[in-house]
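A.B. asks: My questions will all concern the structure given below.
Where a number appears in this text, it was derived from the coordinates with a stated rule and is not lab data. Computed from a predicted model, the values in this text were never measured in an experiment. Glycine gets a Cβ as well: all are built from the backbone with ideal geometry, and neighbour counts include every protein chain shown.
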Amino acid sequence: MARKPFIAGNWKMNLNMSEALKLVATLQEKLKGLEEKHVAVAVCPPFVYLSKIAEHLLKTNPSGGPHIALGAQNMYFEKAGAFTGEVAGPMLSDVGCKYAIIGHSERRTWFAENDALIGKKVAAAYTFGLLPILCLGETLAQREQNQTMSVVKSQLEADLALLTPAQVETVTIAYEPVWAIGTGKAATPAMAQEVHQMIRATLADKYGKNVSQVVRIQYGGSVTDKNAEEIMSQPDIDGALVGGASLNSDAFTIIIKAAAKKAAGEKK
Ligand code: PEP
């Protein structure tokens, strides 16, 4: 079954308000003419810019370009209450988010997020009308000790544990080797494909082949306009979660177009 590729830009803690708005407007301009049916696109700005960008997206209607959806970079699992500094799912839905990145390695590393917490966040996303982009990946030490498959498999199983099979169908998984994030050292297409294939096989074992065939699995980790096409040429790689390169409208557009080209079945 053909899966529509999905490219999401994780802006992390970057840009000021006017740069953020300009980046989105420039992207809309550059994506004109690209067919929505070939690629799904989202940007994940810092929380404080979400409503302004949502307003901008609502009032502009670029002719022919794919709709740019909004995602948050994180989300707390409680609905409301005394959780100073946190942002709840209903707030994100309220300002127009469709997606929430959950379990990014920077959250796991710097904010001590573990799989128990991430599993609750993934389930809560559905309660609040958001689609999770669940990030998984091994550290360099784990790869060097041949633990990649077992680490990613156990993250996958733990982080999806509270979902129904119908919910799993609409999860986006982002395989992001920690050693590849922001380092300029992307996984080779073959290395990434090997892990993506294992993720899909694990989903098939647990939820059935049909579910496993519709789940989108993005690769993330130093994806650029130079390597995106080759990485996404792999059969189980359904797009990319892009950090640094998503801040550059030219590079991000090239990555999105590479995904659309894969979907359109064009030759290299
Ligand atoms: C990310 O933040 O999810 C990421 C993949 O970053 P980069 O593309 O900069 O490696």
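A.B. asks: Every residue in region 207-222 that is surrounded by 15 or more Cβ atoms within 10 Å (Cβ to Cβ) and either within 16 Å of the ligand (Cβ to nearest atom) or over 19 Å from LEU131 (Cβ atoms) (or both), please.
C.D. replies: Result: ARG216, ILE217, GLN218, TYR219, GLY220, GLY221, SER222.
A.B. asks: In region 1-26, which residue that is hydrophobic (A, V, I, L, M, F, W, C) and away from the ligand (no atom under 16 Å from the Cβ) is nearest to GLY182 (Cα to Cα)? Talk me through it step by step, then tell me what you get.
C.D. replies: Step one: filter region 1-26 for residues hydrophobic (A, V, I, L, M, F, W, C), giving 1-2, 6-8, 11, 13, 15, 17, 20-21, 23-25.
If we keep only those that are away from the ligand (no atom under 16 Å from the Cβ) too, we end up with 1-2, 17, 20-21, 24-25.
Numbers: MET1: 32, ALA2: 30, MET17: 23, ALA20: 20, LEU21: 23, VAL24: 22, ALA25: 25 Å.
Only one residue tops the list, namely ALA20.
A.B. asks: Exactly one condition in (1) free of Cβ contacts under 8 Å to residues at least 40 places away in the same chain; (2) surrounded by fewer than 24 Cβ atoms within 10 Å (Cβ to Cβ) is false for THR202; which is it?
C.D. replies: (1)
This table checks each residue for (1) out of contact with any Pro (no Cβ under 6 Å at 6 or more places or on another chain); (2) over 27 Å from LYS185 (Cβ atoms); (3) surrounded by fewer than 18 Cβ atoms within 10 Å (Cβ to Cβ).
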{"position": "LEU134", "(1), (2), (3)": "yes, no, no"}
{"position": "GLY137", "(1), (2), (3)": "no, no, no"}
{"position": "GLN145", "(1), (2), (3)": "yes, no, yes"}
{"position": "ASP159", "(1), (2), (3)": "yes, no, no"}
{"position": "THR164", "(1), (2), (3)": "yes, yes, yes"}
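A.B. asks: Tell me, please, whether a residue that is closer than 20 Å to THR148 by Cβ, within 16 Å of the ligand (Cβ to nearest atom) and touching a residue at least 24 places away in the same chain (Cβ under 8 Å) can be found in region 223-230. Reasoning before the result, please.
C.D. replies: First, pick out the residues of region 223-230 that are closer than 20 Å to THR148 by Cβ: 223, 227.
Checking which are within 16 Å of the ligand (Cβ to nearest atom) leaves us with 223, 227.
From the residues that got through so far, the ones that are touching a residue at least 24 places away in the same chain (Cβ under 8 Å) too are 223, 227.
Within region 223-230, one or more residues are closer than 20 Å to THR148 by Cβ, within 16 Å of the ligand (Cβ to nearest atom) and touching a residue at least 24 places away in the same chain (Cβ under 8 Å).
A.B. asks: Taking region 180-198, which residues are more than 10 Å from the ligand (Cβ to nearest atom) and not in a loop (DSSP other than H, G, I, E, B)?
C.D. replies: Start the filter on region 180-198 by keeping residues that are more than 10 Å from the ligand (Cβ to nearest atom), which leaves 187-198.
Correct list: PRO189, ALA190, MET191, ALA192, GLN193, GLU194, VAL195, HIS196, GLN197, MET198.
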